[in-house]
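Trainee: Here you go, one structure.
Readers should treat all values here as calculations from the given coordinates under stated rules, not as data from a laboratory. What you are looking at is a predicted structure, and each value in this text was computed from that prediction instead of being measured. Ideal geometry is used to build each Cβ from the backbone, glycine not excepted, and the neighbour counts take in all protein chains shown.
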Amino acid sequence: MGLNPRRSSEAEAAEQQNASRRRMLGWLTGVGLFGSGILSAFSNFVFIKPRATYGAPQRFTIGKPTSYPEGTRVAIEPRRICIVRDGNRLAAISTTCTHLGCIVGLSDTGFACPCHGSRYDQDGTVTGGPAPKPLAWYKVSLAPNGELEIDKDVEVQPGTYLNV
Amino acid sequence: MTPKKGSLLESARELPSNVWSSIFRNPLPHNDVERSATSFTNFFLHIHPVKVNKNTLRPMYTMGLGLMSFFLFLILVVTGILLMFYYVPSTNQAYDRMLDLRGSVAFGTFLRNMHRWSAHGMVAIVFFHMCRVFFTGAYKKPREFNWLLGVVLLLVTLFLSFTGYLLPWDQLAFWAITVGTAIAGYAPLVGKEIRFLLLGDANVGQEALLRFYVLHVAVLPVIATLLIAVHFWRIRKDGGLSRPATAEVKPDLAITVKAVELDPKRTYGLQGLVRGPMVKVGNVPDNSVYSWPNLLMAELFAFVVTLSIILVLSMLFNAPLEEPVNVMHPPNPAKAPWYFLGLQEMVSYSAFWGGVGIPGLFVLLLVLTPYIDRSPEGVGVWFSKKRLLANTVFLTFVILNIGFIIIGTFFRGPNWSFVTPW
């Protein structure tokens, strides 16, 4: 022991190599476990995010233009839209309040929200209350069978009408 | 005739006492040694210290608020599990089941009342418990982390209430959740995603009801139980409840031989590891009393008071149930339960700042409190003069919060316009 300095330094080198291998293995184990944790957390997240929903469809038809005569302003409540007819032009305005998602009611001056008092004019522009933006206007088109088709996934510029 | 030793007859005769002593290793204590042993030998008591400082037992110091929160949680677990036997988380059945609970289930109304009033009570008591801890400076070192756990527990309590009141599927439930999840949607970046994950759909419906049910009866109670356990454990590890420095008596009579530091090459028993090798001689005055019976009596008293209040309330007042959900017509005004009306009032000014910004900042401030206010002074007394600034700031928040709740509750009418209640 210690008599042969060469052997001693060899043993030291081997010991050092062992230590660095242990450190490396420990590090790999740590990364492996941590990575698996992250992966399983992510897959749980993917799992609870539904791919298909069971609610009402976003695109639907609402009948022929003739059922909405000149001057119509009628809310189709289950669909959360209001159909407006101005002359020969038709549009669909959302009745979901842009504030917190309550259903706005038709009022004399436009729309009013019962939850937090937001008010809108006839075109859905905010005139009072906490609503941060105007009511959405949705794309209206004529389906091949002559019925009006609303697509709530496509918002259009307020003031965009469909000529019928 | 005395039965022969070891005979069947003797075993039979001694059966009751043998069974009893096999369950309870410690007799009902008659002396200090046996009193000390109660905490060690009983599973349900082993979270208690052997002795407890007299200051901890002063009713006017803690007002028993933490214990009351815990007992309300226990009542909620028991009544909640019972209610689960009759509840179905389906949009077609949930409301009918509420009516059945009222009309055809024995004690149905009573259990639902207990669950509802305990839930309201827990929100209030947890809040007051936080106020007590703040005004006595109890969050200071070494109790910073337990304060943090407490803040998380307050949020879990609120979220438990929030998920709970969708379940009756009445008008209040539906519109409160519509508003509440829309508020979540205002959070920056992840808001829309969180809303979608919570609801499981674009709107509040069957998926949302199922998700809130699972959160309410499984996920959140498990989280709460775990956090409560750590919260309690930390009380012991942080040296018991906070108390003024004057409540400590230096045990100068004790002969204590404490190692300067632990020898890393020696093996220590648990006590040696915690306190260092130490010899304590005699019964030294240290301003503490035995947990059995002092602390246990105080706990029993808090439990009886809590349960009695809930029982009386449940006999006097029925839990409200509004009309069944009508997704076309929100009630006007659509109001959340009282503890969210402060939030709703702020939301009426600005959805982002009222619903996300200010509450978020407030929670952040609460979390950081023990790490900002680090002066060790004024711990263990109510409204210490040395903590005038901190207490004033906190009191302002409390008054503002309560003020907003009062405005939202009594001064808001149809379309959330200002009305006077008289």
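Trainee: Quick one: is B:Trp353 within 14 Å of chain A (Cβ to nearest Cβ), surrounded by 14 or more Cβ atoms within 10 Å (Cβ to Cβ) and more than 23 Å from B:Phe145 (Cβ to Cβ)? Please lay out each step first, then the result.
Mentor: Working: within 14 Å of chain A (Cβ to nearest Cβ): yes; surrounded by 14 or more Cβ atoms within 10 Å (Cβ to Cβ): yes; more than 23 Å from B:Phe145 (Cβ to Cβ): yes.
So B:Trp353 passes the test.
Trainee: Right, something else. Please tell me if A:Thr66 is closer than 30 Å to A:Ile150 by Cβ, part of a helix (DSSP H, G or I) and away from chain B (no Cβ under 14 Å).
Mentor: Details: closer than 30 Å to A:Ile150 by Cβ: yes; part of a helix (DSSP H, G or I): yes; away from chain B (no Cβ under 14 Å): yes.
Against the criterion (closer than 30 Å to A:Ile150 by Cβ, part of a helix (DSSP H, G or I) and away from chain B (no Cβ under 14 Å)), A:Thr66 qualifies.
Trainee: A further question follows. Going by the structure shown, is B:Thr409 away from every other protein chain (no Cβ under 14 Å), over 19 Å from B:His129 (Cβ atoms) and in contact with a helix residue (DSSP H, G or I) (Cβ under 7 Å, 6 or more places away or on another chain)?
Mentor: Working: away from every other protein chain (no Cβ under 14 Å): yes; over 19 Å from B:His129 (Cβ atoms): yes; in contact with a helix residue (DSSP H, G or I) (Cβ under 7 Å, 6 or more places away or on another chain): yes.
Yes: the conditions hold for B:Thr409.
Trainee: Restricting the search to segment A:71-81, which residues are within 13 Å of chain B (Cβ to nearest Cβ) and part of a strand (DSSP E or B)? Steps first, please.
Mentor: So the first thing to find is which residues in segment A:71-81 are within 13 Å of chain B (Cβ to nearest Cβ), and the list is A:75-81.
Result: A:Ala75, A:Ile76, A:Ile81.
Trainee: Going by what's in this entry, would A:Arg85 be described as out of contact with any Leu (no Cβ under 9 Å at 6 or more places or on another chain), in a strand (DSSP E or B) and without any contact (Cβ under 8 Å) to a residue 24 or more places away in the chain? Spell out the reasoning first.
Mentor: Working: out of contact with any Leu (no Cβ under 9 Å at 6 or more places or on another chain): yes; in a strand (DSSP E or B): yes; without any contact (Cβ under 8 Å) to a residue 24 or more places away in the chain: yes.
Yes.
Trainee: Of everything in segment B:37-87 that's touching a Phe, Trp or Tyr at 6+ places or on another chain (Cβ under 7 Å) and of a type in the set (S, T, N, Q), which residue is farthest from B:Ala229 (Cα to Cα)?
Mentor: Restricting to residues being touching a Phe, Trp or Tyr at 6+ places or on another chain (Cβ under 7 Å) and of a type in the set (S, T, N, Q), the top hit is B:Asn55.
Trainee: Please work out which residue is nearest to B:Tyr186 (Cα to Cα), limiting yourself to segment A:88-105 and to residues that are out of contact with any Phe, Trp or Tyr (no Cβ under 8 Å at 6 or more places or on another chain) and without any contact (Cβ under 8 Å) to a residue 24 or more places away in the chain.
Mentor: A:Leu100
Trainee: Related question: Can you run down the residue pairs with Cβ atoms below 8 Å, 6 or more apart or on separate chains, where the first is in segment B:396-422 and under 16 Å from B:Ala124 (Cβ atoms) and the partner is of a type in the set (A, V, I, L, M)?
Mentor: So the pair list comes out as B:Phe404/B:Leu341; B:Phe404/B:Leu343; B:Phe404/B:Met346; B:Ile405/B:Leu341; B:Gly408/B:Leu341; B:Thr409/B:Leu341.
Trainee: Still on this structure, I have one more. Which residues, counting only those in segment B:373-395, are at positive phi and loosely packed, with under 14 Cβ neighbours inside 10 Å? It would help to see each step written out before you state the result.
Mentor: Taking segment B:373-395 and keeping what is at positive phi, we get B:378, B:380, B:383.
B:Phe383, the sole residue that qualifies.
Trainee: Looking at A:Thr72, A:Thr29, A:Thr109 in this structure, which one is among the polar types (S, T, N, Q), over 24 Å from the mean Cα position of the chain (by Cα) and farther than 30 Å from B:Thr178 by Cα? Please lay out each step first, then the result.
Mentor: Details: A:Thr72 fails: farther than 30 Å from B:Thr178 by Cα; A:Thr109 fails: farther than 30 Å from B:Thr178 by Cα.
Of the residues listed, the single one that is among the polar types (S, T, N, Q), over 24 Å from the mean Cα position of the chain (by Cα) and farther than 30 Å from B:Thr178 by Cα is A:Thr29.
Trainee: Given the conditions (1) farther than 20 Å from B:Asp201 by Cα; (2) surrounded by 10 or more Cβ atoms within 10 Å (Cβ to Cβ), report the number of the one that A:Arg59 does not fulfil.
Mentor: All conditions are met except number (1).
Trainee: Could you check how many residues of segment A:127-164 are free of Cβ contacts under 8 Å to residues at least 40 places away in the same chain, assigned to a loop (DSSP other than H, G, I, E, B) and within 24 Å of B:Val327 (Cβ to Cβ)?
Mentor: Result for segment A:127-164: 6.
Trainee: Being within 14 Å of chain A (Cβ to nearest Cβ), more than 23 Å from the chain's Cα centre (by Cα) and not small (Gly, Ala, Ser) narrows it down to one of B:Pro421, B:Pro376, B:Pro414, so name that one.
Mentor: Details: B:Pro421 fails: within 14 Å of chain A (Cβ to nearest Cβ); B:Pro376 fails: within 14 Å of chain A (Cβ to nearest Cβ).
It is B:Pro414.
Trainee: Still on this structure, I have one more. Tell me, yes or no, whether segment A:46-53 has at least one residue that is more than 14 Å from chain B (Cβ to nearest Cβ) and surrounded by 10 or more Cβ atoms within 10 Å (Cβ to Cβ). Break it down stepwise before answering.
Mentor: Pass one, segment A:46-53, residues more than 14 Å from chain B (Cβ to nearest Cβ): none.
No, there is no match, as no residue in segment A:46-53 is more than 14 Å from chain B (Cβ to nearest Cβ) and surrounded by 10 or more Cβ atoms within 10 Å (Cβ to Cβ).
Trainee: Given the conditions (1) surrounded by fewer than 21 Cβ atoms within 10 Å (Cβ to Cβ); (2) without any contact (Cβ under 8 Å) to a residue 40 or more places away in the chain; (3) more than 14 Å from chain B (Cβ to nearest Cβ), which single one is not true for A:Gly124?
Mentor: (1)
Trainee: Quick test for you: out of A:Glu77, A:Glu12, pick the one residue that is under 23 Å from the mean Cα position of the chain (by Cα) and acidic (Asp, Glu). Before the answer, list the steps.
Mentor: Numbers: A:Glu12 fails: under 23 Å from the mean Cα position of the chain (by Cα).
Criteria check complete, one pass: A:Glu77.
Trainee: So, in segment A:97-121, of the ones that are assigned to a strand (DSSP E or B) and of a type outside the set (Gly, Ala, Ser), which residue ends up farthest from the other protein chains (Cβ to nearest Cβ)? If you could, list the steps in order and put the result at the bottom.
Mentor: Just the residues of segment A:97-121 that are assigned to a strand (DSSP E or B), to begin with: A:103, A:105-107, A:110-112, A:119-121.
Narrowing further to those that are of a type outside the set (Gly, Ala, Ser): A:103, A:106, A:111, A:119-121.
Working: A:Ile103: 6, A:Leu106: 13, A:Phe111: 11, A:Arg119: 8, A:Tyr120: 12, A:Asp121: 16 Å.
Out of the qualifying residues, it is A:Asp121.
Trainee: Quick check on segment B:199-214: of everything there that is within 11 Å of another protein chain (Cβ to nearest Cβ) and under 24 Å from the mean Cα position of the chain (by Cα), which residue is nearest to A:Ala52 (Cα to Cα)?
Mentor: Here is the first cut: in segment B:199-214, the ones within 11 Å of another protein chain (Cβ to nearest Cβ) are B:199-208, B:210-211, B:214.
Those left that are additionally under 24 Å from the mean Cα position of the chain (by Cα): B:211, B:214.
Working: B:Arg211: 15, B:Val214: 19 Å.
Top of the filtered list is B:Arg211.
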